[in-house]
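Here is the structure we will look at, set down as structure tokens.
The values are calculated or read from the model by the stated rules, or taken from the named source; none is laboratory data. What you see is a predicted model, and the numbers here were worked out from it, not measured in a lab. Quick reminder, even Gly has a Cβ in these numbers, built from the backbone with ideal geometry, and neighbours come from all protein chains shown.
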Amino acid sequence: MPVHDLGYRNWGGKRNHHLIRPLFVARSGITLIWRRRMLKLLLLVAWLPIAIPAIGIFCFEQGLTDESYRRFIVQTLRGPMERPDLAMQMLEDPVSIRHEVWSALILGFFRVPQLYSMVLLIGLIAPLLISYDLRSKAYLQYFSRPLSTNEYIVGKSAVIWFFLGMITTLPGLVVYLLGVLLSPELSVVSTTWDIPLRILMASVALIIPTTALAISYSACTVENRYASFAWFATWIMGSVAYQILTNIPRMGRGRRNAIDVDTERWLLVSPYHTLGKVETWIFGLDTGESSVWPAVFILIAISVIGTLFVRSRLIARLSV
Amino acid sequence: MKLTTRLHPNNVEPTLSSIISLSGVTKLYSGFRALDDVSLEIESGITGLLGPNGSGKSTLIKSLLGLVRNQQGTGTVLNLQWPNQVREIRDRVGYLPEDDCYIAGLTGIEAVAFMANLSGLPKTEGLRRAHEITDFCDIGEEKYRSVEAYSTGMRQKLKFAQALVHDPPFLILDEPTTGLDPDQREAMLRRIRTLARDHGKSILLSTHILPDVKAVCDQVVILARGKVRVFDSIKNLSKPAEPTLNVMVYGDKDAFLSELTEEGYTVTTKADGALKIIGISTDQVSSIWEIAASTGTSIRRLAPAQNSLEEIFFQAVSASEPR
């Protein structure tokens, strides 16, 4: 019993607009997930690779004036980054490839450490979102309030958007900022000003379809482990299928003819490689012969179909 | 049947219009008629919604909130068009679901504040209001524990707090006393009475527990096999079809009984031994005393008979059974 028992009192304040209500769904989801120590650790680890592109940009900028840094950058472009064309230009006119080098470094950051972190992070949090609500019948609590299914989906998706933004968009922008700050002069902004916009676009290309896919798995089942399994299986099986489909012809033709194999033909079977194609295009580094539009279409289709599927699952629960 | 509007103490006047007015509501589950042409006009006050398992009580409640889709039916809830304005209706209704539903991971106070926010209360105000309501619902310090660790009774109280946090004018309570111990059950009924009598709230109380309905409700709806079988005020329902007296006698009961029968009264014997004299008004009571005196029996108790809610319920349910 409280010290001052006020009894029941009527309430007559002003209510928020209903468009704000998804924010409360999102905030509640973020709060719940934030309490998991494992996820905090994962977020911390996901920020560590930021050092790689930041050091790369620093070395490139130093390489404009310092021969030892220039040699290091040339070796990196020839080796791990597989861009011998840029390595040649680095020796001839390094300033002209500044935009490409910065973009390639940030794209590499997006493609490798952040995509793996993304798969792991979503695999851990997304199944908790809708399947938990279905299992604990919490959807009755949500939908007995003036909340539409669309607002609910937006609220739940926003939880994933927030965490993905934390490990992709934000570190990407921080890398760019660090690059600018570590450059000898601020005039680099005039040649790289569009990179933050490309980071935002690449984030959207990454976040929207992956979120739609993740919540559609989450809405499929009341058992969150099945949703997690389906999520990881999609990425792993897709990549394995892509590797098999592109390597078998190579093995058949022998190493000398490996260059003739059309690796882009099969990239749509793998979400990882489909995303990679679109992100590479967004950063202006797509040198492949095939069009990017089939990959863009696939990502849009996943986003639309995934969202409609979640909506239909929720409506089905409310329309029995 | 139109019911008279009751006046509440403390000068809280109920609205004269219907809280719920439904017409021809039908809900089919794979061909099974869960609700069969239900028409109702419920006015303010506390209305008990009774019925055996599977009678359609929860379906009716979920229909009102748009949580199930109906095949037919129109109406109004709180003067809002049903089912077209179901979202606005949800805004003004507090719902305590029968199901054990909770948002895993939240503490009690967070769960209540979250529901307040979903109903449009600003963040800080929602939290303040959640504290106020959890105190009213006697959740105490348990509000800082995770809802997953709550007992069934605590979850009932939490759901009640969630239903109430946005101060709705109309509450729909689906089995609110399930899982509560006798003390807590009495406290819950007291809260329901307080809300209706002192704060002018209208309440639809769905339950299996007839004493709960008797304790708090003004009117009652009995559903059976998806149809409304009984809908009237408890006062009207309690009146027998004919004036009847219950008489408990001491002495030669058989002689008293045969004398009454000779005088032309219809008399039955109840399970507790009392005699039920049917078709006798209170102004004929003197003749009963005279018969008792002539047969040497003494009357220990004499009172006008009332239909019990149990009788009304069982009659309504048995009448709906297929023969």
* Asked: Of the residues that make up the stretch A:177-195, is at least one surrounded by fewer than 22 Cβ atoms within 10 Å (Cβ to Cβ), closer than 15 Å to residue A:118 by Cβ and either of a type in the set (Gly, Ala, Ser) or under 21 Å from the mean Cα position of the chain (by Cα) (or both)?
  -> no
* Asked: Quick one: which of B:133, B:103, B:89 is in contact with a Gly (Cβ under 9 Å, 6 or more places away or on another chain) and surrounded by 18 or more Cβ atoms within 10 Å (Cβ to Cβ)?
  -> B:89
* To do: Working carefully through the options B:198, B:183, find the one that is within 14 Å of another protein chain (Cβ to nearest Cβ), among the charged types (D, E, K, R), touching a Gly at 6+ places or on another chain (Cβ under 9 Å) and under 30 Å from residue B:140 (Cβ atoms).
  => B:198
* For residues that are of a type outside the set (A, V, I, L, M) and under 15 Å from the mean Cα position of the chain (by Cα), scanning just the stretch B:182-193, find the one that is surrounded by the fewest Cβ atoms within 10 Å (Cβ to Cβ). => B:190
* Could you give me the residue pairs with C-beta distances under 7 Å whose first residue belongs to the stretch A:240-268 and is basic (Lys, Arg), whose second residue is modelled with pLDDT under 75 and surrounded by fewer than 16 Cβ atoms within 10 Å (Cβ to Cβ) wherever it lies, and which are 6+ apart or on separate chains? => A:250/A:258; A:253/A:260
* Criterion violated by residue A:308 - all others in (1) at pLDDT 95 or above; (2) within 15 Å of the chain's Cα centre (by Cα) satisfied -> (2)
* Asked: Among the helices (runs of 4 or more DSSP H) contained in the stretch B:50-160, which hold 3 or more residues that are within 13 Å of chain A (Cβ to nearest Cβ) and either of a type in the set (Val, Ile, Thr) or more than 23 Å from residue B:26 (Cβ to Cβ) (or both)?
  -> B:86-91, B:108-118, B:123-136
* Asked: Within the stretch A:311-318, is there a residue that is more than 14 Å from every other protein chain (Cβ to nearest Cβ), in contact (Cβ under 8 Å) with a residue 12 or more places away in the chain, surrounded by 14 or more Cβ atoms within 10 Å (Cβ to Cβ) and over 30 Å from residue A:85 (Cβ atoms)?
  -> yes
* Taking the stretch A:91-104, which residues are in contact (Cβ under 8 Å) with a residue 24 or more places away in the chain and either among the polar types (S, T, N, Q) or touching a Phe, Trp or Tyr at 6+ places or on another chain (Cβ under 8 Å) (or both)? -> A:94, A:98, A:101, A:102, A:103, A:104
* For residue B:190, indicate whether it is more than 8 Å from chain A (Cβ to nearest Cβ) and either within 18 Å of residue B:212 (Cβ to Cβ) or part of a helix (DSSP H, G or I) (or both). => yes
* Check residue B:127 against each of (1) under 26 Å from the mean Cα position of the chain (by Cα); (2) aliphatic (A, V, I, L, M); (3) surrounded by fewer than 24 Cβ atoms within 10 Å (Cβ to Cβ) and name the one condition it does not meet. => (1)
* Yes or no: residue A:31 out of contact with any Phe, Trp or Tyr (no Cβ under 7 Å at 6 or more places or on another chain) and more than 14 Å from every other protein chain (Cβ to nearest Cβ)? -> no
* Structure fact -> Considering residues that are farther than 24 Å from residue B:197 by Cβ and not hydrophobic (A, V, I, L, M, F, W, C), the number found within the stretch B:154-173 is 1
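Every residue, every condition in (1) more than 26 Å from the chain's Cα centre (by Cα); (2) surrounded by fewer than 18 Cβ atoms within 10 Å (Cβ to Cβ); (3) in contact (Cβ under 8 Å) with a residue 12 or more places away in the chain, yes or no:
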site	(1), (2), (3)
A:31	no, yes, no
A:35	no, yes, no
A:43	no, yes, yes
A:47	no, yes, yes
A:54	no, no, yes
A:57	no, no, yes
A:65	yes, yes, yes
A:72	yes, yes, yes
A:76	no, no, yes
* So which residues in the stretch A:282-320 are among the charged types (D, E, K, R) and more than 16 Å from residue A:208 (Cα to Cα), if there are any at all? -> A:286, A:289, A:313, A:317
* Of the residues A:308, A:299, which is more than 14 Å from chain B (Cβ to nearest Cβ) and either of a type in the set (Asp, Glu) or surrounded by fewer than 14 Cβ atoms within 10 Å (Cβ to Cβ) (or both)? -> A:308
* Asked: Name the pairs whose Cβ atoms lie under 6 Å apart, with the first residue in the stretch B:292-313 and under 13 Å from residue B:239 (Cβ atoms), the second of a type in the set (S, T, N, Q) and part of a helix (DSSP H, G or I), and 6 or more positions between them or separate chains?
  -> B:306/B:238; B:307/B:238
* Asked: Across the stretch A:102-154, which residue is nearest to the other protein chains (Cβ to nearest Cβ) among those that are surrounded by 22 or more Cβ atoms within 10 Å (Cβ to Cβ) and of a type in the set (D, E, K, R)?
  -> A:145
* To do: From (1) in contact (Cβ under 8 Å) with a residue 40 or more places away in the chain; (2) surrounded by fewer than 20 Cβ atoms within 10 Å (Cβ to Cβ); (3) under 18 Å from residue A:52 (Cβ atoms), pick out the condition that doesn't hold for residue A:81.
  => (1)
* To do: Output the number of residues of the stretch A:88-101 satisfying the condition of being of a type in the set (A, V, I, L, M) and surrounded by fewer than 19 Cβ atoms within 10 Å (Cβ to Cβ).
  => 3
* For residues that are out of contact with any strand residue (DSSP E or B) (no Cβ under 8 Å at 6 or more places or on another chain) and not in a helix (DSSP H, G or I), tally how many sit in the stretch A:129-186. => 10
